Amino acid sequence: MHESSYNEMKSVMYRYLHVYADRELVVVDVGSQAMGGQKSYRSLLADKWKYIGVDIVAGPNVDMVMPNPCSIPRDSDSVNVILCGQTLAHARRPWLLVKEMARCLDRGGHLFCACPAYQHLHRFPEDCWRIYPDGMHVLLEDAGFDVRETYTNPCDGLLVSNYGRAQIVDCWGIGVKK
(Lines give C-alpha, C1' and ligand atoms only; values in the text may rest on other atoms or scores of the structure.)
Protein backbone atom coordinates (compact mmCIF):
# COMPACT_ATOMS: atom_id res chain seq x y z
CA MET A 1 0.00 0.00 0.00
CA HIS A 2 1.12 3.55 -0.45
CA GLU A 3 2.13 5.80 2.46
CA SER A 4 -1.03 7.90 2.38
CA SER A 5 -3.22 4.78 2.66
CA TYR A 6 -1.29 3.76 5.76
CA ASN A 7 -1.65 7.24 7.26
CA GLU A 8 -5.37 7.46 6.50
CA MET A 9 -5.97 4.00 8.02
CA LYS A 10 -4.14 5.18 11.14
CA SER A 11 -6.41 8.23 11.31
CA VAL A 12 -9.60 6.24 10.70
CA MET A 13 -8.69 3.61 13.29
CA TYR A 14 -8.00 6.28 15.88
CA ARG A 15 -11.30 8.07 15.20
CA TYR A 16 -13.35 4.92 15.59
CA LEU A 17 -11.34 2.61 17.84
CA HIS A 18 -9.60 4.81 20.42
CA VAL A 19 -12.35 3.96 22.92
CA TYR A 20 -11.32 0.27 22.65
CA ALA A 21 -7.62 0.83 23.43
CA ASP A 22 -7.87 -1.20 26.66
CA ARG A 23 -10.10 -3.94 25.23
CA GLU A 24 -8.80 -7.08 23.54
CA LEU A 25 -9.83 -7.05 19.88
CA VAL A 26 -9.38 -9.50 17.02
CA VAL A 27 -8.40 -7.57 13.89
CA VAL A 28 -8.28 -9.23 10.46
CA ASP A 29 -6.45 -7.52 7.61
CA VAL A 30 -7.88 -8.77 4.29
CA GLY A 31 -5.21 -8.48 1.60
CA SER A 32 -2.40 -8.23 4.13
CA GLN A 33 0.58 -9.30 2.03
CA ALA A 34 3.39 -6.75 2.36
CA MET A 35 4.93 -6.60 -1.09
CA GLY A 36 8.32 -5.15 -1.84
CA GLY A 37 9.02 -4.00 1.70
CA GLN A 38 5.79 -2.00 1.99
CA LYS A 39 4.35 -1.17 5.40
CA SER A 40 1.57 -3.24 6.88
CA TYR A 41 -1.30 -2.16 9.08
CA ARG A 42 -0.05 -4.54 11.79
CA SER A 43 2.04 -1.75 13.32
CA LEU A 44 -1.11 0.37 13.89
CA LEU A 45 -2.59 -1.97 16.45
CA ALA A 46 -2.65 -1.53 20.21
CA ASP A 47 -0.65 -4.09 22.20
CA LYS A 48 -3.75 -5.99 23.33
CA TRP A 49 -5.19 -6.43 19.87
CA LYS A 50 -4.64 -9.67 17.96
CA TYR A 51 -3.74 -9.06 14.30
CA ILE A 52 -4.41 -11.75 11.69
CA GLY A 53 -3.22 -11.08 8.16
CA VAL A 54 -5.11 -12.96 5.44
CA ASP A 55 -4.51 -13.01 1.70
CA ILE A 56 -5.13 -15.22 -1.34
CA VAL A 57 -1.47 -16.34 -1.37
CA ALA A 58 1.19 -16.92 1.28
CA GLY A 59 3.82 -14.26 1.74
CA PRO A 60 5.22 -11.63 4.08
CA ASN A 61 2.66 -10.52 6.70
CA VAL A 62 0.20 -13.32 5.79
CA ASP A 63 -0.90 -15.45 8.74
CA MET A 64 -3.70 -17.31 6.96
CA VAL A 65 -4.29 -18.07 3.29
CA MET A 66 -7.84 -17.73 2.00
CA PRO A 67 -9.19 -20.99 0.47
CA ASN A 68 -10.70 -18.89 -2.34
CA PRO A 69 -10.87 -15.15 -3.08
CA CYS A 70 -14.23 -14.69 -1.33
CA SER A 71 -13.74 -16.93 1.70
CA ILE A 72 -12.03 -15.76 4.88
CA PRO A 73 -10.86 -18.64 7.11
CA ARG A 74 -12.67 -17.40 10.23
CA ASP A 75 -15.87 -18.43 11.99
CA SER A 76 -18.95 -16.25 11.69
CA ASP A 77 -19.13 -13.43 14.25
CA SER A 78 -15.52 -14.07 15.38
CA VAL A 79 -13.80 -10.79 14.45
CA ASN A 80 -14.08 -7.31 15.98
CA VAL A 81 -12.42 -5.25 13.23
CA ILE A 82 -11.63 -5.87 9.56
CA LEU A 83 -9.15 -3.76 7.63
CA CYS A 84 -9.33 -3.97 3.85
CA GLY A 85 -6.89 -1.54 2.31
CA GLN A 86 -6.29 -1.48 -1.44
CA THR A 87 -7.75 -4.99 -1.90
CA LEU A 88 -11.23 -4.55 -3.41
CA ALA A 89 -9.68 -3.25 -6.66
CA HIS A 90 -8.19 -6.71 -7.16
CA ALA A 91 -11.28 -8.75 -6.24
CA ARG A 92 -13.27 -10.08 -9.18
CA ARG A 93 -16.46 -9.90 -7.15
CA PRO A 94 -15.96 -7.27 -4.44
CA TRP A 95 -19.63 -7.44 -3.41
CA LEU A 96 -19.11 -11.08 -2.38
CA LEU A 97 -15.91 -10.28 -0.49
CA VAL A 98 -17.64 -7.45 1.42
CA LYS A 99 -20.48 -9.84 2.38
CA GLU A 100 -17.89 -12.35 3.54
CA MET A 101 -16.26 -9.71 5.72
CA ALA A 102 -19.68 -8.95 7.23
CA ARG A 103 -20.15 -12.64 8.00
CA CYS A 104 -16.89 -12.75 9.95
CA LEU A 105 -17.53 -9.60 11.97
CA ASP A 106 -19.38 -9.73 15.26
CA ARG A 107 -22.36 -7.46 15.85
CA GLY A 108 -21.03 -3.91 16.23
CA GLY A 109 -17.78 -4.87 14.49
CA HIS A 110 -16.06 -2.27 12.32
CA LEU A 111 -14.98 -2.49 8.68
CA PHE A 112 -12.42 0.02 7.39
CA CYS A 113 -12.12 -0.25 3.63
CA ALA A 114 -10.04 1.62 1.05
CA CYS A 115 -10.08 1.20 -2.71
CA PRO A 116 -8.69 3.32 -5.52
CA ALA A 117 -11.09 5.78 -7.10
CA TYR A 118 -8.41 7.00 -9.54
CA GLN A 119 -5.15 5.15 -10.02
CA HIS A 120 -2.95 3.55 -12.65
CA LEU A 121 -3.40 -0.08 -13.68
CA HIS A 122 -1.58 -2.30 -11.19
CA ARG A 123 -2.25 -6.00 -11.53
CA PHE A 124 -1.84 -8.38 -8.60
CA PRO A 125 -2.96 -10.71 -9.98
CA GLU A 126 -5.70 -8.61 -11.59
CA ASP A 127 -6.86 -5.01 -11.36
CA CYS A 128 -10.65 -5.02 -11.76
CA TRP A 129 -12.28 -2.01 -10.09
CA ARG A 130 -12.27 1.63 -9.15
CA ILE A 131 -14.87 2.60 -6.57
CA TYR A 132 -16.45 5.97 -5.77
CA PRO A 133 -18.18 6.94 -2.50
CA ASP A 134 -21.68 6.13 -3.77
CA GLY A 135 -20.53 2.71 -4.96
CA MET A 136 -18.75 2.05 -1.65
CA HIS A 137 -21.93 3.02 0.19
CA VAL A 138 -23.92 0.48 -1.86
CA LEU A 139 -21.33 -2.28 -1.30
CA LEU A 140 -21.38 -1.77 2.47
CA GLU A 141 -25.13 -1.25 2.74
CA ASP A 142 -25.96 -4.34 0.64
CA ALA A 143 -23.71 -6.44 2.89
CA GLY A 144 -25.69 -5.33 5.95
CA PHE A 145 -23.46 -2.59 7.34
CA ASP A 146 -24.57 0.60 9.00
CA VAL A 147 -22.54 2.94 6.78
CA ARG A 148 -20.82 5.56 8.94
CA GLU A 149 -19.03 7.39 6.12
CA THR A 150 -17.73 7.12 2.58
CA TYR A 151 -15.37 9.66 1.06
CA THR A 152 -12.41 10.18 -1.22
CA ASN A 153 -9.03 11.57 -0.31
CA PRO A 154 -5.97 12.45 -2.39
CA CYS A 155 -2.96 10.17 -2.10
CA ASP A 156 0.75 10.57 -2.53
CA GLY A 157 1.86 10.31 -6.12
CA LEU A 158 0.50 11.19 -9.52
CA LEU A 159 -1.25 9.11 -12.11
CA VAL A 160 0.32 9.57 -15.52
CA SER A 161 -1.67 8.52 -18.58
CA ASN A 162 -2.04 9.41 -22.25
CA TYR A 163 -4.32 12.21 -21.06
CA GLY A 164 -1.81 13.87 -18.75
CA ARG A 165 -1.18 13.80 -15.03
CA ALA A 166 -3.80 13.40 -12.34
CA GLN A 167 -3.58 12.87 -8.61
CA ILE A 168 -4.20 9.36 -7.25
CA VAL A 169 -7.37 9.28 -5.12
CA ASP A 170 -8.63 6.58 -2.75
CA CYS A 171 -12.23 5.92 -1.76
CA TRP A 172 -12.83 5.05 1.88
CA GLY A 173 -15.77 3.30 3.48
CA ILE A 174 -16.43 2.76 7.17
CA GLY A 175 -19.20 0.44 8.23
CA VAL A 176 -20.44 -1.15 11.43
CA LYS A 177 -22.17 -4.53 11.37
CA LYS A 178 -25.80 -4.24 12.43
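Within segment 25-41, being modelled with pLDDT of 95 or more and either acidic (Asp, Glu) or surrounded by fewer than 20 Cβ atoms within 10 Å (Cβ to Cβ) (or both) holds for 25, 26, 29. For segment 94-110, filtering for residues that are part of a helix (DSSP H, G or I) and not basic (Lys, Arg) leaves 9.
Restricting to segment 45-74, name every residue that is closer than 25 Å to residue 19 by Cβ and either among the hydroxyl-bearing types (Ser, Thr, Tyr) or surrounded by fewer than 21 Cβ atoms within 10 Å (Cβ to Cβ) (or both). Correct list: 45, 46, 47, 48, 49, 50, 51, 52, 74.
Residues checked against (1) among the hydroxyl-bearing types (Ser, Thr, Tyr); (2) assigned to a strand (DSSP E or B); (3) at pLDDT 90 or above:
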residue: 123; (1), (2), (3): no, no, no
residue: 128; (1), (2), (3): no, no, no
residue: 131; (1), (2), (3): no, no, yes
residue: 137; (1), (2), (3): no, no, yes
residue: 140; (1), (2), (3): no, no, yes
residue: 153; (1), (2), (3): no, yes, no
residue: 158; (1), (2), (3): no, yes, no
residue: 170; (1), (2), (3): no, yes, yes
residue: 173; (1), (2), (3): no, yes, yes
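Only a single item in (1) assigned to a helix (DSSP H, G or I); (2) touching a residue at least 24 places away in the same chain (Cβ under 8 Å); (3) of a type in the set (Ser, Thr, Tyr) is not met by residue 43, and it is number (2). Among the residues of segment 58-73, is any assigned to a loop (DSSP other than H, G, I, E, B), under 17 Å from residue 143 (Cα atoms) and not β-branched (Val, Ile, Thr)? Yes, segment 58-73 contains at least one residue that is assigned to a loop (DSSP other than H, G, I, E, B), under 17 Å from residue 143 (Cα atoms) and not β-branched (Val, Ile, Thr).
The values are calculated or read from the model by the stated rules, or taken from the named source; none is laboratory data. All figures in this text were calculated on a predicted structure; none of them were measured in a lab. Note: ideal-geometry Cβ built from the backbone for every residue, glycine included; neighbour counts use all protein chains shown.
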